[in-house]
Amino acid sequence: MSRPVQARRLEGTDKNIWVEFVKLAATYSTVNLGQGFPDFPPPDFLKEAFARALSGENHMLHQYTRAFGHPPLVKILAQFFGKLLGQELDPMNNVMVTVGAYQALFCCFQAFIEEGDEVIIIEPFFDCYEPMVKMAGGTPVFVPLRPKAPKDGKLMSSADWQLDPAELASKFSERTKAIVLNSPNNPLGKVFSRGELELIADLCVKHDVLCISDEVYEWLVYDGKEHIRIASLQGMWDRTVIIGSAGKTFSATGWKVGWTVGPNRLLQHLRTVHQNSVYHCATVAQEAVAQGFQRELELYGKPDSYFVQLPKELQRKRDWLVQSLDAVGMKPIVPEGTYFLVADISKFKSDVPDVPDSDEPYDSRFAKWMVKNKGLAAIPLSAFYSGAHKNNYSHFIRFCFAKEEATLKAASDILQKWKQEK
Ligand SMILES: Cc1ncc(COP(=O)(O)O)c(CNOCC(=O)O)c1O
């Protein structure tokens, strides 16, 4: 058979970091700080809501619900985000529920991007943005966050990685259709400041560009930092799609419930992609997430709110991991948000010989060696860069710290033992 099977739109999108590293972690790791998921359960109130949905009298929860979102869920999301954004949201037109934030992203690129369109992606970035832009026929245009050495010998923070305003502005052209903003940012944990968001917003308004705002870590911000929603800035509501994830919000990554919030002029096209692809998300999971948000609306800002308790607990884990990495010389970049922490592996390079001219970035080979020889799984930072820039920062690896204390302690023990053996 000679006819090509693969559609051209798949070209260059066949490799996936998660498929490769999840398999390695499953095979070799004793301590998995790789893929971003908690190793602790979702909160009891959410599990109980799921159990009630499953076994309650309302047997219709086992059947199809409304395609663009289970009514109780879109209603509470409209209420919740309307409160956060300070405006009235229509649950039927300003909210759409998706199969995780992944599908929300896919709908955005499929709905808005076509051949000839450029999409600005800020590096390092959550890896799926690039292949999703390419599968939609678009051209990704990359702009880096550049690290600035912190003064007075302090540990570097994700805030030290910044956009160069002139460099960012130079990436906008008449071909620019959208920019992807991910704040808090995976993998660095950077929480974009109001000034940085205003810089991006001004360029979007000036060039009439859409903003796909991936805010899945919106509740995971530390040190009193505030997550600012770019859609709330001047001129941005009408051109922004906000993306959220129940997986990250409620520590239930396997439920794959996500959502988009935005103006009907944009969401109407997301609905077209959604109804012609997955069409519908699990009804019971949506029912449980709706009840979770109902609780959180009642407890908003209070000590018992999960959105208050989770970041507090994660900040403790972050600080503990920062100390244990610093103690062994794996210099951490202290994240302002998310549950990821990037560390400099330079001091451990001697154990993993470099292979000149290898087309695999050093950190990728290091992470594979580490999981196979030390049982500790992490993700190379180069996985979050485009092909042309993968070697720019190839002496860093990313750890996920949304883990039980015992898991984090086991990771620290491995690193301490490794350091003593050097
Ligand atoms: C920025 C970002 N957007 C979207 C998503 C996907 O969210 P969902 O799970 O709701 O589809 C994720 C999930 N990442 O998890 C893998 C990892 O980085 O280890 C994400 O980090």
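Looking at this model, which pairs from Lys368/Lys422; Lys15/Lys419; Lys154/Lys419; Lys256/Lys302; Lys154/Lys317 are more than 25 angstrom apart at the alpha-carbon?
Working: Lys368/Lys422 19 Å; Lys15/Lys419 33 Å; Lys154/Lys419 22 Å; Lys256/Lys302 27 Å; Lys154/Lys317 20 Å.
Violating the 25 Å limit, Cα to Cα: Lys15/Lys419; Lys256/Lys302.
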(message) Please rank Phe142, Phe109, Phe40, fewest neighbouring Cβ atoms within 10 Å first, as an exposure proxy.
(response) Phe40, Phe142, Phe109
(message) Under 8 Å for C-alpha pairs, at least 6 residues apart: give me the relative contact order for region 219-359, rounded to a whole percent.
(response) 21 percent
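Let me check I've understood the local charge: for Lys403, count other residues with C-beta under 9 angstrom from its C-beta, Lys and Arg +1, Asp and Glu -1. What total comes out?
Numbers: positive: Lys317; negative: Asp39, Glu404, Glu405.
Here the count lands on -2.
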(request) Provide Arg8, Arg66 in ascending order of the number of other Cβ atoms located within 10 Å of each residue's Cβ, fewest first. (result) Arg8, Arg66
(request) Rank by packing, highest mean first: peptides 411-417, 99-105, with packing defined as the count of other Cβ atoms within 10 Å averaged across residues. (result) 99-105, 411-417
(request) With a 10 Å radius around each residue's Cβ, average the other Cβ atoms per peptide and rank 228-238, 147-157, 298-308, 277-287, highest first. (result) 277-287, 228-238, 298-308, 147-157
(message) Which three extents, in angstrom, do the Cα atoms of region 76-213 have along their principal axes, listed largest first?
(response) 52, 37, 29
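Packing-wise, with mean Cβ within 10 Å as the measure, how do 189-196, 384-391, 216-223 rank, highest first? Don't jump to the answer; show the numbers that get you there.
Details: 189-196: 20.6, 384-391: 17.5, 216-223: 22.2.
Order by mean packing, descending: 216-223, 189-196, 384-391.
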(request) Once you have a ≥ b ≥ c as the square roots of the Cα gyration tensor eigenvalues for region 307-422, tell me rounded if a/c is under 1.5, and otherwise prolate or oblate according to whether a/b is larger than b/c. (result) oblate
(message) Could you list Met1, Met330 so that the one with the fewest beta carbons within 10 Å of its beta carbon is first and the one with the most is last?
(response) Met1, Met330
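How big is D for the chain, in µm² s⁻¹ as a whole number, if Stokes-Einstein is applied with the Kirkwood radius of its Cα pairs at 20 °C and 1.002 mPa s? Can you show the working numbers first?
Numbers: Rh = 22.3 Å.
Reported coefficient: 96 µm²/s.
Can you give me the relative contact order of the chain as a percent, contacts being Cα pairs under 8 Å and 6 or more apart? Each step should come with its number before you reach the end.
On the way: 801 pairs, mean separation 98.0, N = 422.
For the chain, the relative contact order is 23 percent.
Laboratory data are not the source of any read-out in this text; all were calculated from the coordinates shown. Owing to the predicted nature of the structure, the values given are computational and were not obtained by experimental measurement. With ideal geometry, Cβ positions are generated from the backbone for all residues, glycine too; neighbour counts draw on all protein chains shown.
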